[in-house]
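The values are calculated or read from the model by the stated rules, or taken from the named source; none is laboratory data. None of the values given here were measured: they were computed from a predicted structure. Because the Cβ atoms are built from the backbone with ideal geometry, glycine has one as well, and the counts that use them run over all protein chains shown.
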Amino acid sequence: MASDRPLVIVTRKLPDVVETRLRELFDARLNLEDKPFSRDELIAAMKEATVLVPTVTDRIDRAVLSQAGPDLKLIAQFGTGVDNIDLDTARNRAILVTNTPGVLTEDTADMTMALILAVPRRLTEGAALLKSGSDAWQGWSPTWMLGQRIYGKRLGIVGMGRIGQAVARRAKAFGLQIHYHNRRRVPSDVEKELEATYWDSLDQMLVRMDIISINCPHTPATYHLLSARRLALLKPTAYIVNTARGEVIDENALARMIDNNELAGAGLDVFEHEPAVNPKLLRNDRVVVLPHMGSATLEGRIDMGEKVIVNIKTFLDGHAPPDRVHPAMF
Ligand code: 8YV
């Protein structure tokens, strides 16, 4: 017998406690196997569901949205970034989109800071060498495995939203001098707290920095914001860290420049064509790569699930869900 509760289709496996609550509240169709939906499966889900709970791995473009069924009223994204969803088409079809901002700020900032530390100090290189079991380590040497000092360097943050500010707070404690570029200048009390220097010209900031951290969303305006031309503005001793979205950097140009010693290295948690990673980046010891783990803590994923549930519940109860996404926000 069909349920009289609204059908909520979840595209990926979520933490048990989140799935249990979804089942308690809604007619929730879960993906216990965590097998990513094919495009056809996604379209089939959109035809049937009242609420879809997708993630970054579901590409909900105009063609997919155009096949949504009449019941589909809400896309409650499990994640903060919504660049996988065509927001304009969703709005034109009167489908509301929500996301999960705020709850993954600290985890993502921690991972960003970890990469800022790991790349100049050659952390993964040293760890991998020892674990390889080889006899490559003949004991301590004064000139071996030297990296670059972090303390006192200049960090340029591209995108000074919640995550950018959380990165700045951490970086300041490590003795980095904070600079940032953002569409809007942040309030002066925030600038003061972070002792942050604002650059309205991204180019002008790039030429002066020792480390760049990408913390802006991926939108049409930020696609390849770090283009080959802009990457060439960086000092050859500069490092670049990206925990935002791969599309913000021209990945091919980045890989080529690190290989050619035109840049010192990179720490990357995200990639332009995930899950594919440019083989040049994988091969290069001066590049630390992580498989999109920025928000990957159990607590974070449960908090994200809780946000999804609140968004769905308030919406189905006839209220405005707290985390509505408007195309103009991005
Ligand atoms: C998420 C993220 O894990 O929330 C985001 O925007 O990039 C990740 O940390 C993923 O996107 C979930 O959909």
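Can you say whether Asn284 is more than 26 Å from Leu52 (Cα to Cα), within 13 Å of the ligand (Cβ to nearest atom) and outside the structural domain of Asp61 (by TED's automatic domain parsing), as far as the supplied structure shows? Answer is no for this residue. Within region 8-33, residues that are buried (at least 18 other Cβ atoms within 10 Å of the Cβ) sit with their Cβ atoms under 6 Å from residues that are of a type in the set (Phe, Trp, Tyr), at 6+ positions apart or across chains, in these pairs: Val8/Phe26; Thr11/Phe37. Of all residues being more than 22 Å from Thr57 (Cβ to Cβ) and of a type in the set (A, V, I, L, M) in region 1-39, which is modelled with the lowest pLDDT? Just the residue, please. My answer is Met1. Selection of strands (runs of 3 or more DSSP E) fully inside region 1-94 by the criterion of at least 2 residues being over 23 Å from the mean Cα position of the chain (by Cα) returns 7-10, 27-29.
Identify all residues within region 281-318 that are among the charged types (D, E, K, R) and either within 26 Å of Pro220 (Cα to Cα) or touching a Phe, Trp or Tyr at 6+ places or on another chain (Cβ under 9 Å) (or both); write none if there are none. I'd like the intermediate steps shown before the answer.
Residues of region 281-318 that are among the charged types (D, E, K, R), as a first pass: 283, 285-286, 299, 301, 303, 306-307, 313, 317.
Arg286, Arg301, Lys307, Lys313 - these are the residues of region 281-318 that are among the charged types (D, E, K, R) and either within 26 Å of Pro220 (Cα to Cα) or touching a Phe, Trp or Tyr at 6+ places or on another chain (Cβ under 9 Å) (or both).
Does region 44-63 hold any residues that are among the hydrophobic types (A, V, I, L, M, F, W, C) and either closer than 20 Å to Pro15 by Cβ or crowded, with 19+ Cβ neighbours inside 10 Å (or both), and which are they? Please lay out each step first, then the result.
First, the residues of region 44-63 that are among the hydrophobic types (A, V, I, L, M, F, W, C): 44-46, 49, 51-53, 56, 60, 63.
Correct list: Ala45, Met46, Ala49, Val51, Leu52, Val53, Val56, Ile60.
Here Leu129 clears all of (1) more than 16 Å from the ligand (Cβ to nearest atom); (2) assigned to a helix (DSSP H, G or I); (3) touching a residue at least 60 places away in the same chain (Cβ under 8 Å) except the condition numbered (3). Among Ser227, Ser132, which is within 21 Å of Val288 (Cα to Cα), under 23 Å from the mean Cα position of the chain (by Cα), assigned by TED's automatic domain parsing to the domain that holds Glu251 and hydroxyl-bearing (Ser, Thr, Tyr)? Exactly one residue qualifies, and that residue is Ser227.
Of the numbered criteria (1) surrounded by 20 or more Cβ atoms within 10 Å (Cβ to Cβ); (2) farther than 25 Å from Met145 by Cβ, the one Gly265 fails is (2). All told, Ala255 falls short of being within 13 Å of the ligand (Cβ to nearest atom), surrounded by 20 or more Cβ atoms within 10 Å (Cβ to Cβ) and hydrophobic (A, V, I, L, M, F, W, C).
If you go through region 287-305 and pick out every residue that is over 13 Å from Leu115 (Cα atoms) and either more than 16 Å from the ligand (Cβ to nearest atom) or not aliphatic (A, V, I, L, M) (or both), you end up with 7.
For region 68-94, filtered to residues that are surrounded by fewer than 22 Cβ atoms within 10 Å (Cβ to Cβ) and of a type in the set (S, T, N, Q), the residue that is farthest from the ligand (Cβ to nearest atom) is Asn92. Being touching a helix residue (DSSP H, G or I) at 6+ places or on another chain (Cβ under 8 Å), on the phi < 0 side of the Ramachandran plot and within 16 Å of the ligand (Cβ to nearest atom) is a property that Leu65 lacks. What's the total number of residues in region 95-108 that are in a helix (DSSP H, G or I) and either more than 12 Å from the ligand (Cβ to nearest atom) or surrounded by fewer than 19 Cβ atoms within 10 Å (Cβ to Cβ) (or both)? Summing the residues that are in a helix (DSSP H, G or I) and either more than 12 Å from the ligand (Cβ to nearest atom) or surrounded by fewer than 19 Cβ atoms within 10 Å (Cβ to Cβ) (or both) in region 95-108 gives 1.
Quick check, is Arg170 in contact (Cβ under 8 Å) with a residue 60 or more places away in the chain, of a type in the set (Lys, Arg) and either touching a helix residue (DSSP H, G or I) at 6+ places or on another chain (Cβ under 7 Å) or more than 23 Å from Val248 (Cβ to Cβ) (or both)? Give the derivation first.
Working: in contact (Cβ under 8 Å) with a residue 60 or more places away in the chain: yes; of a type in the set (Lys, Arg): yes; either touching a helix residue (DSSP H, G or I) at 6+ places or on another chain (Cβ under 7 Å) or more than 23 Å from Val248 (Cβ to Cβ) (or both): yes.
Yes: the conditions hold for Arg170.
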